[in-house]
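The values are calculated or read from the model by the stated rules, or taken from the named source; none is laboratory data. Computed from a predicted structure; not experimentally measured. Cβ coordinates were reconstructed from backbone atoms using ideal geometry, including for glycine residues, and neighbour counts include every protein chain displayed. These area figures cover heavy atoms from the full protein model, side chains too; ligands, DNA and RNA do not enter into them. Shrake-Rupley method; radii C 1.70, N 1.55, O 1.52, S 1.80 Å.
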Amino acid sequence: MKSKKTSKGFTLIELMIVVAIIGILAAIAIPQFASLVAKSQEGRTKANLGTLRSALSIYYGDTEGFYPSGVIANCLTDLTIGGKYLQAVPNSDLPKTTQNAGHSSVTTTVSGAATDVGGWIYDNGGGTSQTWGRVLVNCTHNDARGQIWSTY
């Protein structure tokens with residue numbers, strides 16, 4: 001009498017094919033993941049910019065037509081006094097992407113044109129400036145969509 005041997009399980013070839021497919025999918029997914037992280041950091045910076053602009057608008061209304069002014073480094077921190085407008089000045093985190101050299105997370109406040117050092121640009125020039133009270137991202141590089149940061 002001959003007994004029939006039944007095999008249960010996968011052959012070596014089948015396992016190698018599965019490993020190859022997983023490797024191909026991982027090779028596609030890992031670069032996309034890095035891009036998604038950079039996009040999320042950009043989104044956070046744009047949201048922080050919106051927060052700053054909203055706080056400035058409320059400050060402008062409360063002070064009956066005046067934006068924070070004075071020493072450049074302390075202009076935006078005026079919004080945090082007493083926690084009425086902001087608890088803290090949010091960071092401007094510009095990640096490194098294919099279109100951006102990246103900057104560290106800083107809260108630099110300067111007046112004038114973009115100097116590409118990161119942080120925020122805040123025009124505290126007073127009522128004589130047409131851009132008085134404007135806040136921008138201090139970067140001349142492009143974001144992930146190809147738009148210049150300092151235009152936000």
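From the list Lys46, Lys39, the one residue that fits, being in a helix (DSSP H, G or I), modelled with pLDDT of 75 or more and open to solvent by less than 80 Å² (accessible area, probe 1.4 Å), is Lys46.
The C-beta contact set for region 21-36 (first residue within 22 Å of Arg145 (Cβ to Cβ) and open to solvent by less than 100 Å² (accessible area, probe 1.4 Å), second residue modelled with pLDDT under 95 and among the hydroxyl-bearing types (Ser, Thr, Tyr), distance under 9 angstrom, 6+ apart or interchain) comprises Ser35/Thr97; Ser35/Thr98. Residues in region 63-90 that are open to solvent by 20 Å² or more (accessible area, probe 1.4 Å), at pLDDT below 80 and not in a helix (DSSP H, G or I): Ser69, Gly70, Val71. Open to solvent by 20 Å² or more (accessible area, probe 1.4 Å), part of a loop (DSSP other than H, G, I, E, B) and modelled with pLDDT under 80: does that describe Gly118? Criteria not met by Gly118.
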